[in-house]
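The structure under discussion appears below in the form of structure tokens.
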Amino acid sequence: MAVHHLLDSRLQLALQGDATSIDALFEAAQVFHDRKPGSEASLEAQLTLVNLTHANALRYGRAEPKWIQEFAKHSQLFAARFPEEQGRAVPLLSAAARSCELNGFMEEAKSCYSVLMTKFKDTPQAQQAQGVVRRLQLKGKPLELSGPTMDGGEIDIKSYRGKMVLVVFWATHAQPFVQQLPELLAIAKKYEKYAVIVGVNLDAEEPAIEAFIEKTGLAWPQIFSPNREQRGWNSPLAAHYGINSLPTIWLVDPNGVVVETAIDSKNLNAKLYETYLPYIKATAVKPAGGTK
């Protein structure tokens with residue numbers, strides 16, 4: 001009880017930015033573990049430290065990204081030292097992994113997801129983590145992606161070889177997608193000779209998609225399952241690649257190799273130009289006799 005009160009007092013001061021209390025919580029987690037691994041005091045100390053790093057990652061992560069990395073590190077330590085605390089460890093690891101992914105710490109994200117898959121493999125979070133890790137490892141590899149269309153046809157990304165492909169996971173109800181749509185439409189028009197957009201829609205009902213397409217003029221080919229049980233977040237492609245936010249935009253080069261799996265419409269124009277320029281140079285026809 002005394003340890004609990006001491007740690008809680010330190011935590012309150014640490015959350016107010018008291019450097020001495022912050023250092024004390026880091027030290028306490030290690031000291032209690034060294035003194036008696038697995039003890040109640042060690043559990044309290046490690047959990048308090050994870051809560052501190054989590055709170056500061058949420059509050060200061062963009063300005064001080066070290067807190068995101070500390071959150072990932074100590075979430076993994078908590079899981080390693082107290083695997084029996086599944087109810088606490090799993091949501092902490094999931095939150096840390098997602099925070100790392102959103103802020104560009106991909107190695108730390110993969111590490112957290114890996115712990116989920118190995119130590120807590122029977123949880124839904126571990127199942128989702130498999131897809132996320134698969135997605136995080138796509139960069140630099142040929143993309144396998146195909147599926148049914150709304151009109152009963154079939155899309156296979158391999159049919160677009162020779163052009164860049166933007167794969168856009170989206171839904172009509174996803175406001176971030178709606179906000180980025182004007183930029184995406186402008187880019188689609190600008191690069192229509194060199195690139196195509198393939199949508200993977202995660203809506204539940206066709207009428208919503210049809211009304212949205214008519215309203216916005218969106219004319220991309222869409223992968224959309226005729227099976228109601230495979231729509232929304234149950235989309236086989238969304239599950240296979242661990243899609244957890246919309247829009248998710250991928251860039252695939254003219255050879256079918258994934259360039260990026262986390263791209264925003266704001267930097268898409270530059271990334272498209274950067275991707276296509278080497279391809280133009282590599283495939284340019286040289287004058288007769290060649291050049292030196």
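Derivation of every value follows stated rules applied to the coordinates shown; laboratory data play no part. All of these numbers come straight from a predicted model, not from anything done at the bench. With ideal geometry, Cβ positions are generated from the backbone for all residues, glycine too; neighbour counts draw on all protein chains shown.
Odds and ends about this structure:
- DSSP bridge orientation in the chain - percent antiparallel, rounded to nearest 5: 55
- Residues GLU229, GLU260, ranked from the fewest to the most other C-beta atoms within 10 Å, line up as GLU229, GLU260.
- Global geometry of the range 2-136, whether rounded, prolate or oblate, following the gyration tensor of its Cα atoms and the 1.5 cut on a/c: oblate
- Under 5 Å from the amide H of ILE155 lie the amide H atoms of GLY147, THR149, each residue being 5 or more positions distant or on a separate chain, with H modelled from the backbone and absent for Pro and chain starts.
- Table column - 3J(HN,Hα) (Hz), the range 103-109, Karplus curve with 6.51, -1.76, 1.60, x for Gly and Pro: 9, x, 8, 5, 5, 5, 4
- Positive-end extreme of charge dipole, the chain - chosen from GLY61, GLN222, VAL257 (charges on Cβ): VAL257
- Three-way shape call for the chain based on the alpha-carbon gyration tensor, with the a/c threshold at 1.5: prolate
- Helix 86-102 axis, angle to the chain major axis (alpha carbon atoms, nearest 10°): 50
- The dipole here belongs to the range 146-283: it is taken about the Cα centre, uses +1 on the Cβ of Lys and Arg and -1 on the Cβ of Asp and Glu, and is about 520 debye.
- Near VAL198, the amide H atoms lying under 5 Å from its own belong to LEU166, VAL167, VAL168; only residues 5 or more places off or on other chains count, and H is placed 1.01 Å from N.
- Order of ARG10, ARG81, ARG228 - criterion: other Cβ atoms within 10 Å of each residue's Cβ, fewest first: ARG228, ARG81, ARG10
- Tilt relative to the chain, helix 40-60 - C-alpha long axis, 0 to 90 degrees, to 10: 40
- Relative contact order (percent, whole number), the range 153-227, Cα cutoff 8 Å, 6+ residue spacing: 37
- The mean sequence separation of alpha-carbon pairs under 8 Å and at least six residues apart, normalised by the residue count of the chain, gives a relative contact order of 14 percent.
- Gyration tensor verdict on the range 79-207 (Cα atoms; rounded if a/c is under 1.5, prolate if a/b is larger than b/c, oblate otherwise): prolate
- The range 146-283: Rg to Rh, with Rh as the Kirkwood radius over Cα pairs: 0.95
- Normalised contact order of the range 146-283, rounded percent, pairs of Cα under 8 Å and 6 or more residues apart: 32
- Lysines with Cα under 21 Å of LYS36, excluding same-chain neighbours fewer than 8 positions away: LYS73
- The range 243-269 versus the range 35-98: alpha-carbon centroid distance in Å: 31
- Each residue of the range 167-177 is assigned a 3J(HN,Hα), and the resulting list reads 9, 10, 7, 8, 8, 5, 8, 8, 4, x, 5 Hz, derived from the Karplus form 6.51 cos²θ - 1.76 cosθ + 1.60 (θ = phi - 60°), x at Gly and Pro.
- Here the range 68-107 is scanned for amide nitrogen atoms under 20 Å from the site 7 Å beyond the Cα of ASP122 along Cα-to-Cβ, giving 79-94.
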